């Protein structure tokens, strides 16, 4: 009987509060003030540090609340395993947990010099340049070799050299400068 009275009292109370326009969440939940919201927002924001020049482990220490997404790329100007780019500028305010992309140097890219000695020197030059090498050509006439053939190459085929290295090629041909002066006479 006592339980029925309590249930009945509770239902009456709910009906009276509902009819008076009172909402239940407002009885138990206090709406935060603007100042409280701003303080909470400050707790969820961090200032992005400068990660360039750091190793991955050093960057993780500086960004404990920021997940880092790593990409590795060859870079001939930055030492291997050093960060050289980040997607969020240092000093920028971001939310905690916002992922930040970083790029770590794989160091200088080493490229194998392909076999080009059986090609015409212009074709060989095109192949070498397409791989990122610079090509310096020395012209020399050598009896018994067809014009346009490669006499020698330094460094040799099969060697690995850094991207952007210069390959010196000696070719059996008259230099373009000499050819133009001969044609004029």
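Every number here is computed from the coordinates shown, using simple stated rules; none is lab data. In this text the structure is predicted, and so the values were computed from the model without any measurement. In this analysis, Cβ positions are derived from the backbone assuming ideal geometry, glycine residues included, and neighbour counts consider all displayed protein chains.
The distance between label points at residue 112 and residue 135 comes to 2.0 nm (points 7 Å beyond Cα on the Cα→Cβ vector).
With a ≥ b ≥ c the root eigenvalues of the C-alpha gyration tensor of the stretch 46-105, is it rounded (a/c under 1.5), prolate (a/b larger than b/c) or oblate? Taking the square roots of the gyration eigenvalues as a ≥ b ≥ c, the stretch 46-105 is prolate.
Semi-axes, largest first, in whole Å: what does sqrt of 5 times each Cα gyration tensor eigenvalue give for the stretch 110-175?
Working: eigenvalues 88, 21, 19 Å².
Sorted largest first and rounded, they come to 21, 10, 10 Å.
Measuring nothing but how far apart in sequence close Cα pairs (under 8 Å, 6+ apart) lie, relative to its length, the stretch 110-175 scores a relative contact order of 45 percent.
Ranking of 118, 149, 76 by neighbouring Cβ atoms within 10 Å, starting from the fewest: 118, 76, 149.
May I ask what percent, to the nearest 5, of DSSP beta bridges between residues of the stretch 57-119 are antiparallel? Provide the component values of the computation, followed by the final result.
Values: 3 of 9 bridges.
Antiparallel: roughly 35 percent of the beta bridges in the stretch 57-119.
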